[in-house]
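The structure under discussion appears below in the form of structure tokens.
The values are calculated or read from the model by the stated rules, or taken from the named source; none is laboratory data. This is a predicted model, so every value here is computed, not measured. Glycine also receives a Cβ, built like all others from the backbone with ideal geometry; neighbour counts cover every protein chain displayed. These area figures cover heavy atoms from the full protein model, side chains too; ligands, DNA and RNA do not enter into them. Shrake-Rupley method; radii C 1.70, N 1.55, O 1.52, S 1.80 Å.
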Amino acid sequence: MINRQIYTTWKDGNRAKLTTSLRENKLPELKVGEILVKNLFVPMHGSFWLASHPDGLHPRIDEFMAGGGFVFGNGGIAQVVKTNEDPKMVREGDYVTVWGHVPCDNYDCYGCSVLHRYTECEYNQSGIIGHGKGSYDGTYADYTVLPRFSYDVCFRAEENPDENDLLPFMFTFLLADVRNALTRHPDAIRMPRLLIFGAGYSGMIAAYLFNNSSSTSKIFSIDVNSNRLDLIKDIAPSSIMTLLLDNDLAEQLNSTEQRIGFRGELRSAIKDIAVRLDDYFEGKGVNLLIDCSSGNTAPLWDNRDILGPTTIVIPFGFGSEYILLNKELIQCSGLNILMSRGVGNIRNRRETLNLVKRGGGDFIRKFMVDNSRQIVGLENVTDFIREMQSPPKSLSEIDHVYMDLR
């Protein structure tokens, strides 16, 4: 059986640039515990654009390219067409949401076999579908082979869900990812004052979850895209304040050769953000900061003007090069920097499914699906990728998109 896939590989023999195209590949035979699915709806998000950028900007690009190329896609909604798994667990015709993360094969791995947090594998042998490192090909394809634990059934075949029912479940992997990050620290989600860098998919989910955690929640969101800021504010207009970041400043932060005098411009921008935060939070500091940006935004917040005692910081995006802990921050008692990756344990995944079915799906439809561009078919998706990468556009310029692969 032939499978069409969106494949990223080296553009030439020099291995200096990447290129993405549509290829045909033979599907492998299913092993015990695996299922074959027909992908239906698959979102495109920042990690793909970083990994497939001609310059390979993703911080784990060496893993992606370990085998000479990769088929991205660690999420989506799909239908089972063949199964080698226990029929009590999944049957042909069932609909599954793809989590993307795969445990290692070591029976004594505490991270994978006990905690079921596969990104914290003791052997560093767990994988993410579509992320190279010898893992399974991803969901940017007609069909995908999924191993045990990398998916969950969201509808049985006999439930006959329609398109409206299915669409929100293509985002459950991202919802679980952000929810896992916000709930790892026992106090994070209970904090009243949140600062979000980045108003894309992850930033919107963070705002939604945080706003619904308390009636006193106040959120301040910063992004370079005014449309995304308008959208995130619509989640809770009375509880969310936004700030449009100067595009030239953002470009300089992401530049490898910053212009002379930029350090002074950066200090001025930080002071401006601090003043606005102080006014909006009525003199109280930021309790929780989540950086969902795909750009290098850490220099805007890794300082004493933005962070304070007991601030919980979650660097969720992939674009920042480093976090600078100077002597002022080292002396900042209670400051907590929490790295959290992945869709979390089985409980978090199942609770995320329940959240989508009990109200979260309405949020996803309104703020994510309805405000994303639908592209039908792998050929049109591949054309869109070429358009975005010739020459490469910044992530803030790329539309939110999902694939319709039915």
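Computed values, structure above
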| item | result |
| --- | --- |
| Residue check for I306: among the β-branched types (V, I, T) and in contact with an Asp or Glu (Cβ under 9 Å, 6 or more places away or on another chain) | no |
| Those residues of region 263-278 which are closer than 20 Å to Y322 by Cβ and surrounded by 14 or more Cβ atoms within 10 Å (Cβ to Cβ), in sequence order | E265, L266, A269, I270, I273 |
| Selection from region 191-210 of residues that are farther than 18 Å from F173 by Cβ and open to solvent by 20 Å² or more (accessible area, probe 1.4 Å) | M191, P192, R193 |
| Total residues in region 132-148, condition touching a Lys or Arg at 6+ places or on another chain (Cβ under 9 Å) and either modelled with pLDDT of 95 or more or surrounded by fewer than 24 Cβ atoms within 10 Å (Cβ to Cβ) (or both) | 7 |
| Residue within region 28-39 that is exposed (fewer than 13 other Cβ atoms within 10 Å of the Cβ) and within 21 Å of F318 (Cβ to Cβ) present | no |
| Positions within region 1-33 being assigned to a loop (DSSP other than H, G, I, E, B), of a type outside the set (K, R), without any contact (Cβ under 8 Å) to a residue 60 or more places away in the chain and within 23 Å of E63 (Cβ to Cβ), in sequence order | D12, G13, N14, A16 |
| Residues located in region 121-172, provided they are closer than 23 Å to N354 by Cβ, in a strand (DSSP E or B) and not acidic (D, E) | L146, Y151, V153, C154, F155 |
| Of all residues making up region 168-190, the number that are touching a residue at least 24 places away in the same chain (Cβ under 8 Å) and either open to solvent by 20 Å² or more (accessible area, probe 1.4 Å) or under 13 Å from I314 (Cα atoms) (or both) | 13 |
| In region 116-131, the residues that are open to solvent by 10 Å² or more (accessible area, probe 1.4 Å) and of a type in the set (G, A, S) | S126, G127 |
| Identity of the residue in region 82-115, in a loop (DSSP other than H, G, I, E, B) and among the aliphatic types (A, V, I, L, M), that ends up surrounded by the fewest Cβ atoms within 10 Å (Cβ to Cβ) | M89 |
| Options P54, P59: the member that is touching a residue at least 60 places away in the same chain (Cβ under 8 Å), assigned to a loop (DSSP other than H, G, I, E, B) and touching a Lys or Arg at 6+ places or on another chain (Cβ under 6 Å) | P54 |
| So L244, is it open to solvent by less than 50 Å² (accessible area, probe 1.4 Å) and out of contact with any Pro (no Cβ under 7 Å at 6 or more places or on another chain) | no |
| Any chance D223 is over 23 Å from G75 (Cα atoms), surrounded by 22 or more Cβ atoms within 10 Å (Cβ to Cβ) and among the charged types (D, E, K, R) | yes |
| Among the residues listed as L231, L243, the single one being part of a strand (DSSP E or B) and farther than 15 Å from L288 by Cβ | L243 |
